Amino acid sequence: MKYFIIFFIISLSQTKENIEEKGKKILFPKSENIFELKQDDYEDFIKDNKYIILIFYTQWCEQCKNIMSILEQISIYCKENNDFIIARIDTDKSQDLAEKFFLSKIPSIYYIIDSNPKKYNGIFSYEEIKDFIDLKIKGPIIKFKTINEINDFVNRKNITILTTQPNEIFKKVSKKFEDLIFFSQCISNECKEKYENSNIILLKNYDEKIVKFDNKTLNSDSLIYFISKYSIEKGGILNNLGMQFLFKFKRTTLIYFRSQKNDDLIKYDSIIKKIANNYNEKMYFFISDITGDEFSIKIGSFFKLEKDDIPSIQIFDLTGIFGKVNSYEFDYKKYNNNEKKFFFNEEILNKFIEDFYKGNIEKKIESEPIPKDNFAYMTVVGKNFNDIVLLNNKNIIVLFISESCLKCNDASMKFVELATKYNKDLPNYKIEFRIMNLSFNSLKNLTINKFPSVFLFKINEKKNPIEYEIKEKIISKDLEEWSFKLCELGDIPNWERNITEFMINEEMKNKEKNKDNNYNDTNKENDDKDNKKDLNKEDL
């Protein structure tokens, strides 16, 4: 769980013990093909080289080992075919530079053209990186001489937007889809004859193989709509392109989450594909196996689904405030007369979709796990919001924050102090202060339009929360006085505590508790092994 409230003690995790726990060092030998960059060399290096692929790595990163071998091959390809140079930076030795790039994970790959760095979001494979480099060198439109070249390319990349005569609109739109879809031009008479001089064609190796742009009005909007409508496979497996399109166009999306290992669930794939054709104008349809490869598991994590949650069908609305994804779950018991076994057919799924468009499906409440650590007294999540806020016989003041909110750090710290004072040290007062992160949790009947926001849920008036007006920032004393006055609690009590020292102690207690739990789990595991040995002896 991500808390703003403990951001100031994160540095504790970078102790000597933790660094040693990162495991055995995987030393990367010097490479003849990949430049080893240091922090001080970076600025001069990007000025001297027009095209650069840059990987951030560490000596202890297991995944870096595989990617580094791919980049070795890419470097050899680049030496023979183009001007791209491959370089790498050890983030442990160049921490200031790593911070400048706001790295969220290791390894991370960036491409730099004319000293302008951008993140590479494609798949870490030889073919994908090679095609990506070719695109950057040759421009946004790839030229083909024969139909066979085009067919080979489509078989490998699944899709391309083809024209025989690229105009300014085609060139403009191709830049908008950079890194997503390859735009191409066939320059032979063979192409013109085969495609009957069609201006723009979408070629793919799924659904209808060829789709002609037949809108009489060609402009950027009509071409973008054409691409957004026909590029995604109807009821196909949710992949990187699907995820990118999902957020780029914010189309309503239905996803069937299931396991590839369960034949009883796979049989429903054909129904998803069939119904997808009926709603192609309105929404995307995908299938996702969140128990599969690393990318699929990340999809499950993004949509807050685990193995125990499947099978599941959900409709996602991406037009929420601040990019919030609202989800609407298919209740198979409701549509199957309370049958316990998961089941649907065309008629049932159509009914669910129609109910969604009529507004008859309630939004799913998103939630982080209910916290059980020493900081649980100051937080609230989607799963326990009703119990802690609405059903609690106390006045509850809630601070609503989000991950992208810069002012939320300071506001959270003020609430940490107030929560520690009233929730922990002075519980007899009829007031509590709580923090809720709406990046990972959702509310049913309350819409938050700005962050940070503070609302008072007063006893006997919980359905009509009162908003506290935040001027430039939250001032603890002003908020306390405002709360006590509205709740008619009398004088504000005195209270003293070194909050920083207290939070660090609580964090250390959490670590000790985790160690004890791990120790107990290990002992239990050893006991189970001993019991199995004894059983084996008895069997013998």
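Every residue, every condition in (1) modelled with pLDDT of 85 or more; (2) within 19 Å of D269 (Cβ to Cβ); (3) not assigned by TED's automatic domain parsing to the domain that holds F257, yes or no:
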site: T291; (1), (2), (3): no, yes, no
site: D308; (1), (2), (3): no, no, no
site: L318; (1), (2), (3): no, no, no
site: Y332; (1), (2), (3): yes, yes, no
site: N337; (1), (2), (3): no, no, no
site: F343; (1), (2), (3): yes, yes, no
site: E362; (1), (2), (3): yes, no, yes
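Hey, can you tell me all the residues within region 39-64 that are surrounded by 13 or more Cβ atoms within 10 Å (Cβ to Cβ) and assigned to a helix (DSSP H, G or I)? Walk me through how you get there before you give the answer.
Taking region 39-64 and keeping what is surrounded by 13 or more Cβ atoms within 10 Å (Cβ to Cβ), we get 39, 41-42, 45-46, 49-61, 63-64.
Passing the criteria: Q39, D41, Y42, F45, I46, Q63, C64.
Condition (residue is of a type in the set (S, T, Y) and either modelled with pLDDT of 95 or more or in a helix (DSSP H, G or I) (or both)) applied to region 396-403: is it met by at least one residue? No: zero hits. With the structure loaded, tell me whether F322 is at pLDDT below 90, of a type in the set (A, V, I, L, M, F, W, C) and in a helix (DSSP H, G or I) or whether it fails that test. Yes, satisfied.
Got a sec? Which of S75, S11 is assigned to a helix (DSSP H, G or I), hydroxyl-bearing (S, T, Y) and at pLDDT below 80? Even if it seems obvious, please write down each step before you answer.
Numbers: S75 fails: at pLDDT below 80.
Result of the check over S75, S11: S11.
If you go through region 179-219 and keep only what is at negative phi, free of Cβ contacts under 8 Å to residues at least 40 places away in the same chain and not polar (S, T, N, Q), you end up with K192, E193, Y195, I200, E208, K209, I210, V211, K212, F213, D214, K216.
Determine if region 168-178 includes at least one residue that is in a strand (DSSP E or B) and surrounded by 18 or more Cβ atoms within 10 Å (Cβ to Cβ).
No; the residues of region 168-178 include none that is in a strand (DSSP E or B) and surrounded by 18 or more Cβ atoms within 10 Å (Cβ to Cβ).
Filter region 366-395 down to the residues that are part of a loop (DSSP other than H, G, I, E, B) and polar (S, T, N, Q), then identify the one that is farthest from L456 (Cα to Cα). My answer is N374.
Would you check if there is a residue in region 264-279 being among the small types (G, A, S), in contact with an Asp or Glu (Cβ under 6 Å, 6 or more places away or on another chain) and crowded, with 18+ Cβ neighbours inside 10 Å? The answer is no, given that none of the residues of region 264-279 is among the small types (G, A, S), in contact with an Asp or Glu (Cβ under 6 Å, 6 or more places away or on another chain) and crowded, with 18+ Cβ neighbours inside 10 Å.
Confirm whether F257 is closer than 23 Å to E306 by Cα, in contact with a strand residue (DSSP E or B) (Cβ under 8 Å, 6 or more places away or on another chain) and in contact (Cβ under 8 Å) with a residue 40 or more places away in the chain. Yes.
Within region 425-441, the set of residues being farther than 20 Å from M413 by Cα and touching a Lys or Arg at 6+ places or on another chain (Cβ under 7 Å) comprises K430 only.
Within region 293-312, the only residue that satisfies the criterion of being among the hydroxyl-bearing types (S, T, Y), assigned to a helix (DSSP H, G or I) and in contact with a strand residue (DSSP E or B) (Cβ under 9 Å, 6 or more places away or on another chain) is S296.
The values are calculated or read from the model by the stated rules, or taken from the named source; none is laboratory data. As the structure is a prediction and not an experimental result, all values here were calculated from the model. Cβ atoms come from the backbone with ideal geometry, glycine included; neighbour counts cover every protein chain shown.
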